[in-house]
Amino acid sequence: MIGKAKVGSEELNSCFEKLLMVAAGNSGVGVRMEGALITEWKDIPMELLLRIVSLVDDRTAIVASGVCCGWRDAICFGLTQLSLSWCKKNMNNLVLSLAPKFTRLQTLILRQENPQLEDNAVEAIANFCHDIQELDLSKSFKLSDHSLYALARGCPNITKLNISGCTSFSDGALEYLTNFCQKLKILNLCGCVKAATDRALQAIGRNCKMLQSLNLGWCDNVGDIGVMSLAYGCPDLKCLDLCGCVRITDDSVIALADKCLHLRSLDLYYCRNITDRAMYSLAHSRVNNKPSLWQSMKGRYDEEGLRSLNISQCTALTPSAIQTLCDTFPALHTCSGRHTLVMSGCLNLTSVHCACAVQAHRTLNTIPHTAH
(Lines give C-alpha, C1' and ligand atoms only; values in the text may rest on other atoms or scores of the structure.)
Protein backbone atom coordinates (compact mmCIF):
# COMPACT_ATOMS: atom_id res chain seq x y z
CA MET A 1 0.00 0.00 0.00
CA ILE A 2 2.85 2.40 0.84
CA GLY A 3 4.47 1.67 -2.49
CA LYS A 4 1.37 2.88 -4.30
CA ALA A 5 1.01 6.08 -2.30
CA LYS A 6 2.97 8.13 -4.84
CA VAL A 7 0.66 7.12 -7.67
CA GLY A 8 -2.39 7.80 -5.53
CA SER A 9 -1.09 11.24 -4.56
CA GLU A 10 -0.52 12.13 -8.19
CA GLU A 11 -4.07 11.09 -9.01
CA LEU A 12 -5.39 13.20 -6.14
CA ASN A 13 -3.28 16.17 -7.27
CA SER A 14 -4.59 15.87 -10.82
CA CYS A 15 -8.18 15.69 -9.59
CA PHE A 16 -7.62 18.69 -7.35
CA GLU A 17 -6.16 20.79 -10.17
CA LYS A 18 -9.03 19.90 -12.52
CA LEU A 19 -11.61 20.78 -9.90
CA LEU A 20 -9.93 24.12 -9.21
CA MET A 21 -9.83 24.92 -12.93
CA VAL A 22 -13.53 24.22 -13.27
CA ALA A 23 -14.42 26.23 -10.19
CA ALA A 24 -12.17 29.16 -11.28
CA GLY A 25 -13.48 29.18 -14.83
CA ASN A 26 -10.23 27.72 -16.19
CA SER A 27 -8.31 30.86 -15.18
CA GLY A 28 -5.80 28.84 -13.16
CA VAL A 29 -5.71 31.53 -10.49
CA GLY A 30 -7.31 29.47 -7.76
CA VAL A 31 -10.68 29.25 -6.06
CA ARG A 32 -12.00 31.72 -3.55
CA MET A 33 -14.22 30.17 -0.87
CA GLU A 34 -15.59 32.21 2.00
CA GLY A 35 -12.98 34.91 1.41
CA ALA A 36 -10.01 32.52 1.37
CA LEU A 37 -7.97 31.78 -1.75
CA ILE A 38 -7.36 28.09 -2.33
CA THR A 39 -4.13 27.37 -4.19
CA GLU A 40 -2.64 24.48 -2.21
CA TRP A 41 -3.83 21.29 -0.55
CA LYS A 42 -3.48 22.77 2.92
CA ASP A 43 -6.07 25.44 2.09
CA ILE A 44 -8.87 22.98 1.27
CA PRO A 45 -11.98 23.06 3.50
CA MET A 46 -13.17 19.63 4.57
CA GLU A 47 -16.42 19.83 2.57
CA LEU A 48 -14.46 20.47 -0.63
CA LEU A 49 -12.04 17.68 0.23
CA LEU A 50 -14.92 15.25 0.53
CA ARG A 51 -16.25 16.46 -2.81
CA ILE A 52 -12.87 15.80 -4.42
CA VAL A 53 -12.63 12.37 -2.84
CA SER A 54 -16.10 11.52 -4.17
CA LEU A 55 -14.74 12.06 -7.69
CA VAL A 56 -11.78 9.70 -7.44
CA ASP A 57 -11.55 5.95 -7.07
CA ASP A 58 -11.53 4.14 -3.73
CA ARG A 59 -7.80 3.46 -3.85
CA THR A 60 -7.07 7.20 -4.12
CA ALA A 61 -9.49 7.99 -1.30
CA ILE A 62 -7.59 5.58 0.93
CA VAL A 63 -4.30 7.29 0.04
CA ALA A 64 -5.84 10.69 0.83
CA SER A 65 -6.94 9.47 4.26
CA GLY A 66 -3.28 8.96 5.15
CA VAL A 67 -2.07 12.47 4.28
CA CYS A 68 -2.73 13.99 7.70
CA CYS A 69 -4.94 13.61 10.76
CA GLY A 70 -7.43 16.22 9.56
CA TRP A 71 -7.91 14.54 6.22
CA ARG A 72 -8.10 11.13 7.85
CA ASP A 73 -10.84 12.25 10.21
CA ALA A 74 -12.83 14.02 7.49
CA ILE A 75 -12.65 11.19 4.98
CA CYS A 76 -13.26 8.46 7.51
CA PHE A 77 -16.28 10.35 8.80
CA GLY A 78 -17.71 11.12 5.38
CA LEU A 79 -17.00 7.93 3.44
CA THR A 80 -19.95 5.53 3.47
CA GLN A 81 -19.19 3.31 0.45
CA LEU A 82 -15.98 1.44 -0.28
CA SER A 83 -14.88 -1.27 -2.69
CA LEU A 84 -11.60 -3.14 -2.32
CA SER A 85 -12.18 -5.50 -5.22
CA TRP A 86 -9.25 -3.86 -7.02
CA CYS A 87 -6.88 -5.22 -4.37
CA LYS A 88 -5.33 -8.38 -5.80
CA LYS A 89 -2.94 -9.02 -2.90
CA ASN A 90 -3.02 -8.39 0.86
CA MET A 91 -6.71 -7.50 0.98
CA ASN A 92 -6.92 -9.09 4.41
CA ASN A 93 -4.26 -6.79 5.88
CA LEU A 94 -5.82 -3.78 4.16
CA VAL A 95 -9.19 -4.52 5.76
CA LEU A 96 -7.54 -4.95 9.15
CA SER A 97 -5.94 -1.52 8.84
CA LEU A 98 -8.98 0.31 7.43
CA ALA A 99 -11.84 -1.11 9.51
CA PRO A 100 -10.92 0.82 12.71
CA LYS A 101 -10.83 4.08 10.70
CA PHE A 102 -13.76 3.79 8.28
CA THR A 103 -16.39 3.24 10.95
CA ARG A 104 -19.21 4.98 9.04
CA LEU A 105 -19.21 2.54 6.13
CA GLN A 106 -22.62 1.38 4.96
CA THR A 107 -21.55 -0.44 1.79
CA LEU A 108 -18.42 -2.60 1.59
CA ILE A 109 -17.50 -4.66 -1.48
CA LEU A 110 -14.80 -7.29 -0.90
CA ARG A 111 -15.30 -9.45 -3.98
CA GLN A 112 -12.16 -11.45 -4.84
CA GLU A 113 -10.77 -13.34 -7.80
CA ASN A 114 -8.42 -15.28 -5.54
CA PRO A 115 -9.36 -15.98 -1.91
CA GLN A 116 -7.64 -13.54 0.42
CA LEU A 117 -10.00 -12.71 3.27
CA GLU A 118 -9.70 -14.52 6.57
CA ASP A 119 -11.92 -14.54 9.61
CA ASN A 120 -9.95 -11.87 11.46
CA ALA A 121 -10.74 -9.31 8.74
CA VAL A 122 -14.47 -9.96 8.95
CA GLU A 123 -14.26 -9.82 12.73
CA ALA A 124 -12.62 -6.40 12.42
CA ILE A 125 -15.48 -5.23 10.21
CA ALA A 126 -18.00 -6.50 12.75
CA ASN A 127 -16.13 -4.84 15.62
CA PHE A 128 -15.83 -1.38 14.06
CA CYS A 129 -18.32 -0.98 11.17
CA HIS A 130 -21.67 -1.35 12.88
CA ASP A 131 -23.53 0.69 10.21
CA ILE A 132 -22.84 -1.81 7.42
CA GLN A 133 -25.96 -2.43 5.33
CA GLU A 134 -24.49 -3.98 2.18
CA LEU A 135 -21.62 -6.46 2.33
CA ASP A 136 -20.11 -8.53 -0.46
CA LEU A 137 -17.86 -11.40 0.65
CA SER A 138 -18.31 -13.53 -2.47
CA LYS A 139 -15.66 -16.16 -3.24
CA SER A 140 -14.15 -15.90 0.23
CA PHE A 141 -13.22 -19.57 0.38
CA LYS A 142 -11.03 -19.13 3.47
CA LEU A 143 -13.80 -17.85 5.73
CA SER A 144 -15.29 -20.11 8.38
CA ASP A 145 -18.38 -19.96 10.58
CA HIS A 146 -16.55 -17.52 12.89
CA SER A 147 -17.15 -14.81 10.29
CA LEU A 148 -20.93 -15.29 10.30
CA TYR A 149 -21.00 -15.36 14.09
CA ALA A 150 -19.07 -12.07 14.17
CA LEU A 151 -21.37 -10.40 11.61
CA ALA A 152 -24.42 -11.52 13.57
CA ARG A 153 -23.13 -9.82 16.70
CA GLY A 154 -21.65 -6.69 15.14
CA CYS A 155 -23.67 -5.86 12.00
CA PRO A 156 -27.38 -6.37 12.74
CA ASN A 157 -28.44 -3.76 10.15
CA ILE A 158 -27.31 -5.69 7.08
CA THR A 159 -29.94 -5.62 4.34
CA LYS A 160 -27.88 -7.02 1.46
CA LEU A 161 -25.40 -9.87 1.92
CA ASN A 162 -23.49 -11.75 -0.76
CA ILE A 163 -21.64 -14.84 0.46
CA SER A 164 -21.87 -16.76 -2.81
CA GLY A 165 -19.12 -19.31 -3.18
CA CYS A 166 -18.29 -19.33 0.54
CA THR A 167 -18.31 -23.10 0.70
CA SER A 168 -17.12 -23.50 4.31
CA PHE A 169 -20.11 -21.89 6.01
CA SER A 170 -22.48 -24.28 7.78
CA ASP A 171 -26.26 -24.14 8.04
CA GLY A 172 -25.96 -23.72 11.80
CA ALA A 173 -23.90 -20.54 11.40
CA LEU A 174 -26.33 -19.20 8.80
CA GLU A 175 -29.24 -19.93 11.12
CA TYR A 176 -27.42 -18.04 13.89
CA LEU A 177 -26.91 -15.06 11.55
CA THR A 178 -30.61 -14.82 10.73
CA ASN A 179 -31.47 -14.63 14.42
CA PHE A 180 -29.72 -11.24 14.56
CA CYS A 181 -29.75 -9.89 10.99
CA GLN A 182 -33.50 -9.80 10.53
CA LYS A 183 -33.49 -6.81 8.15
CA LEU A 184 -32.07 -8.85 5.27
CA LYS A 185 -33.74 -8.08 1.95
CA ILE A 186 -31.23 -9.49 -0.53
CA LEU A 187 -29.25 -12.65 0.17
CA ASN A 188 -26.96 -14.50 -2.23
CA LEU A 189 -26.11 -18.06 -1.20
CA CYS A 190 -25.20 -19.38 -4.65
CA GLY A 191 -22.89 -22.35 -4.27
CA CYS A 192 -23.09 -22.39 -0.46
CA VAL A 193 -23.83 -26.11 -0.46
CA LYS A 194 -23.20 -26.64 3.27
CA ALA A 195 -24.97 -23.50 4.48
CA ALA A 196 -28.07 -23.59 2.27
CA THR A 197 -30.08 -26.48 3.67
CA ASP A 198 -33.69 -26.91 4.70
CA ARG A 199 -32.68 -26.12 8.27
CA ALA A 200 -31.19 -22.77 7.21
CA LEU A 201 -34.14 -21.92 4.96
CA GLN A 202 -36.54 -22.62 7.80
CA ALA A 203 -34.59 -20.12 9.90
CA ILE A 204 -34.68 -17.56 7.09
CA GLY A 205 -38.42 -18.00 6.74
CA ARG A 206 -38.82 -17.64 10.48
CA ASN A 207 -36.57 -14.59 10.97
CA CYS A 208 -36.19 -12.64 7.71
CA LYS A 209 -39.72 -11.48 6.99
CA MET A 210 -38.54 -8.61 4.75
CA LEU A 211 -36.56 -10.81 2.35
CA GLN A 212 -37.15 -9.89 -1.30
CA SER A 213 -34.41 -11.67 -3.22
CA LEU A 214 -32.68 -14.99 -2.58
CA ASN A 215 -30.17 -16.86 -4.73
CA LEU A 216 -29.91 -20.58 -3.96
CA GLY A 217 -28.24 -21.54 -7.23
CA TRP A 218 -26.60 -25.00 -7.18
CA CYS A 219 -27.43 -25.59 -3.52
CA ASP A 220 -28.37 -29.22 -3.99
CA ASN A 221 -29.22 -29.79 -0.32
CA VAL A 222 -32.29 -27.56 -0.66
CA GLY A 223 -35.59 -29.45 -0.65
CA ASP A 224 -39.31 -28.79 -0.48
CA ILE A 225 -39.34 -28.28 3.28
CA GLY A 226 -36.93 -25.37 3.01
CA VAL A 227 -38.56 -23.68 0.03
CA MET A 228 -42.03 -24.05 1.52
CA SER A 229 -40.76 -22.45 4.73
CA LEU A 230 -39.50 -19.53 2.66
CA ALA A 231 -42.82 -19.17 0.90
CA TYR A 232 -44.79 -19.11 4.13
CA GLY A 233 -42.34 -16.86 5.99
CA CYS A 234 -41.27 -14.36 3.30
CA PRO A 235 -44.40 -13.02 1.58
CA ASP A 236 -42.49 -10.12 -0.01
CA LEU A 237 -40.20 -12.43 -1.98
CA LYS A 238 -39.77 -11.10 -5.53
CA CYS A 239 -36.77 -12.96 -6.94
CA LEU A 240 -35.83 -16.56 -6.25
CA ASP A 241 -33.08 -18.53 -7.96
CA LEU A 242 -33.44 -22.30 -7.51
CA CYS A 243 -31.14 -23.18 -10.39
CA GLY A 244 -29.75 -26.68 -9.88
CA CYS A 245 -31.81 -27.39 -6.74
CA VAL A 246 -32.52 -30.87 -8.03
CA ARG A 247 -34.41 -32.10 -4.98
CA ILE A 248 -37.35 -29.70 -5.15
CA THR A 249 -40.69 -30.79 -6.59
CA ASP A 250 -44.00 -29.21 -7.56
CA ASP A 251 -44.83 -28.69 -3.88
CA SER A 252 -42.19 -25.93 -3.65
CA VAL A 253 -43.55 -24.02 -6.65
CA ILE A 254 -47.15 -24.44 -5.52
CA ALA A 255 -46.28 -22.92 -2.13
CA LEU A 256 -44.53 -20.00 -3.82
CA ALA A 257 -47.49 -19.43 -6.13
CA ASP A 258 -49.91 -19.47 -3.22
CA LYS A 259 -48.00 -17.32 -0.72
CA CYS A 260 -45.55 -15.08 -2.63
CA LEU A 261 -47.92 -12.87 -4.61
CA HIS A 262 -45.17 -10.41 -5.55
CA LEU A 263 -42.92 -13.03 -7.14
CA ARG A 264 -41.49 -11.58 -10.36
CA SER A 265 -38.48 -13.75 -11.18
CA LEU A 266 -38.13 -17.52 -10.74
CA ASP A 267 -35.24 -19.68 -11.92
CA LEU A 268 -35.93 -23.41 -12.06
CA TYR A 269 -33.08 -24.39 -14.36
CA TYR A 270 -32.39 -28.15 -14.21
CA CYS A 271 -35.15 -28.76 -11.64
CA ARG A 272 -36.31 -31.87 -13.45
CA ASN A 273 -38.89 -32.91 -10.88
CA ILE A 274 -41.05 -29.93 -11.85
CA THR A 275 -44.16 -30.85 -13.84
CA ASP A 276 -47.19 -29.14 -15.39
CA ARG A 277 -48.86 -29.14 -11.98
CA ALA A 278 -46.43 -26.49 -10.78
CA MET A 279 -46.88 -24.36 -13.91
CA TYR A 280 -50.66 -24.40 -13.68
CA SER A 281 -50.42 -23.36 -10.03
CA LEU A 282 -48.40 -20.29 -11.04
CA ALA A 283 -50.94 -19.41 -13.73
CA HIS A 284 -53.95 -19.92 -11.48
CA SER A 285 -52.42 -17.96 -8.61
CA ARG A 286 -52.91 -14.68 -10.40
CA VAL A 287 -56.64 -15.12 -10.53
CA ASN A 288 -57.39 -17.37 -7.58
CA ASN A 289 -55.14 -16.00 -4.86
CA LYS A 290 -56.65 -13.00 -3.10
CA PRO A 291 -58.54 -11.47 -6.05
CA SER A 292 -59.19 -8.32 -4.02
CA LEU A 293 -55.44 -7.65 -4.05
CA TRP A 294 -55.28 -7.81 -7.81
CA GLN A 295 -58.39 -5.62 -8.18
CA SER A 296 -56.90 -2.98 -5.94
CA MET A 297 -53.89 -2.74 -8.23
CA LYS A 298 -55.94 -1.89 -11.32
CA GLY A 299 -53.45 -0.21 -13.65
CA ARG A 300 -50.57 -2.11 -12.09
CA TYR A 301 -52.08 -5.46 -13.04
CA ASP A 302 -49.67 -6.09 -15.89
CA GLU A 303 -46.72 -4.86 -13.82
CA GLU A 304 -47.23 -7.51 -11.16
CA GLY A 305 -46.76 -11.23 -11.54
CA LEU A 306 -43.96 -13.17 -13.21
CA ARG A 307 -41.70 -11.18 -15.48
CA SER A 308 -38.88 -13.70 -15.74
CA LEU A 309 -38.98 -17.51 -15.69
CA ASN A 310 -36.23 -20.01 -16.48
CA ILE A 311 -37.43 -23.57 -17.02
CA SER A 312 -34.45 -24.75 -19.05
CA GLN A 313 -33.85 -28.51 -18.84
CA CYS A 314 -37.21 -29.03 -17.09
CA THR A 315 -38.00 -31.77 -19.55
CA ALA A 316 -41.22 -33.02 -17.93
CA LEU A 317 -43.17 -29.88 -18.92
CA THR A 318 -45.64 -29.83 -21.81
CA PRO A 319 -46.55 -27.07 -24.30
CA SER A 320 -50.14 -26.68 -23.07
CA ALA A 321 -49.08 -25.83 -19.50
CA ILE A 322 -46.35 -23.39 -20.55
CA GLN A 323 -48.60 -21.71 -23.12
CA THR A 324 -51.21 -21.18 -20.41
CA LEU A 325 -48.56 -19.64 -18.19
CA CYS A 326 -47.31 -17.44 -21.01
CA ASP A 327 -50.82 -16.25 -21.80
CA THR A 328 -51.46 -15.46 -18.14
CA PHE A 329 -48.36 -13.31 -17.66
CA PRO A 330 -47.90 -10.86 -20.58
CA ALA A 331 -44.39 -9.95 -19.39
CA LEU A 332 -43.12 -13.45 -20.19
CA HIS A 333 -41.63 -13.24 -23.69
CA THR A 334 -40.32 -15.83 -26.08
CA CYS A 335 -39.72 -13.35 -28.91
CA SER A 336 -36.28 -12.46 -30.19
CA GLY A 337 -34.35 -9.96 -28.12
CA ARG A 338 -36.46 -10.28 -24.98
CA HIS A 339 -36.55 -13.91 -23.88
CA THR A 340 -37.85 -13.50 -20.35
CA LEU A 341 -39.23 -17.03 -20.64
CA VAL A 342 -36.14 -19.24 -21.05
CA MET A 343 -36.75 -22.82 -22.21
CA SER A 344 -33.33 -24.05 -23.38
CA GLY A 345 -33.09 -27.81 -23.68
CA CYS A 346 -36.88 -28.27 -23.77
CA LEU A 347 -37.27 -29.34 -27.38
CA ASN A 348 -40.93 -30.24 -26.87
CA LEU A 349 -41.76 -26.61 -26.01
CA THR A 350 -40.81 -25.01 -29.34
CA SER A 351 -44.48 -24.36 -30.13
CA VAL A 352 -44.90 -22.02 -27.15
CA HIS A 353 -45.04 -18.33 -28.09
CA CYS A 354 -45.74 -15.11 -26.23
CA ALA A 355 -48.58 -12.78 -27.21
CA CYS A 356 -46.38 -10.25 -29.04
CA ALA A 357 -44.66 -12.98 -31.05
CA VAL A 358 -48.05 -14.27 -32.19
CA GLN A 359 -49.19 -10.73 -33.02
CA ALA A 360 -46.03 -10.06 -35.02
CA HIS A 361 -46.61 -13.26 -36.98
CA ARG A 362 -50.21 -12.24 -37.72
CA THR A 363 -49.16 -8.76 -38.80
CA LEU A 364 -46.57 -10.21 -41.15
CA ASN A 365 -49.16 -12.46 -42.72
CA THR A 366 -51.61 -9.59 -43.29
CA ILE A 367 -49.11 -7.41 -45.20
CA PRO A 368 -50.11 -7.57 -48.89
CA HIS A 369 -47.47 -9.14 -51.07
CA THR A 370 -46.46 -7.24 -54.21
CA ALA A 371 -47.06 -9.24 -57.33
CA HIS A 372 -43.96 -9.90 -59.42
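The values are calculated or read from the model by the stated rules, or taken from the named source; none is laboratory data. These numbers come from a predicted model, not from an experiment. Glycine also receives a Cβ, built like all others from the backbone with ideal geometry; neighbour counts cover every protein chain displayed. For accessibility, only protein heavy atoms count, side chains too; no ligands or nucleic acids. Shrake-Rupley method; radii C 1.70, N 1.55, O 1.52, S 1.80 Å.
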Given the Cα-Cα distance of Ala316 and Asn348 and 0.36 nm per residue of separation, how much length would full extension add, in nm?
10.6 nm
FRET efficiency, Val193 to His146 (Cβ-Cβ, R0 22 Å, nearest 0.05)
0.70
Sort Trp86, Trp218 by heavy-atom solvent-accessible area, probe 1.4 angstrom, most to least.
Trp218, Trp86
Added length on full extension, which subtracts the Cα-Cα distance from 0.36 nm per residue, Ile225 to Arg272
15.2 nm
Rank these residues by their accessible area, most exposed first, probe 1.4 Å: His333, His146.
His146, His333
What full-extension length gain, to one decimal in nm, is calculated for Arg104 and Leu55 as 0.36 nm per residue of separation minus the Cα-Cα distance?
15.8 nm
Phi-based couplings in Hz for segment 276-287 (Karplus 6.51, -1.76, 1.60; Gly and Pro marked x):
4, 4, 5, 5, 5, 5, 5, 5, 6, 4, 5, 9
Note, ³J(HN,Hα) from phi for segment 228-242, Karplus 6.51, -1.76, 1.60, rounded to Hz, x at Gly and Pro:
5, 5, 4, 4, 6, x, 10, x, 8, 4, 10, 10, 9, 10, 10
Square roots of five times the C-alpha gyration tensor eigenvalues of segment 39-79, ordered largest first and given in whole Å, equal 14, 11, 10
Is segment 137-221 rounded, prolate or oblate when judged by the Cα gyration tensor, a ≥ b ≥ c being the square roots of its eigenvalues, rounded requiring a/c under 1.5 and prolate requiring a/b larger than b/c?
rounded
Decide, for segment 180-285, between rounded, prolate and oblate: order the square roots of the alpha carbon gyration tensor eigenvalues as a ≥ b ≥ c, take rounded if a/c falls under 1.5, and otherwise choose prolate if a/b is larger than b/c, else oblate.
oblate
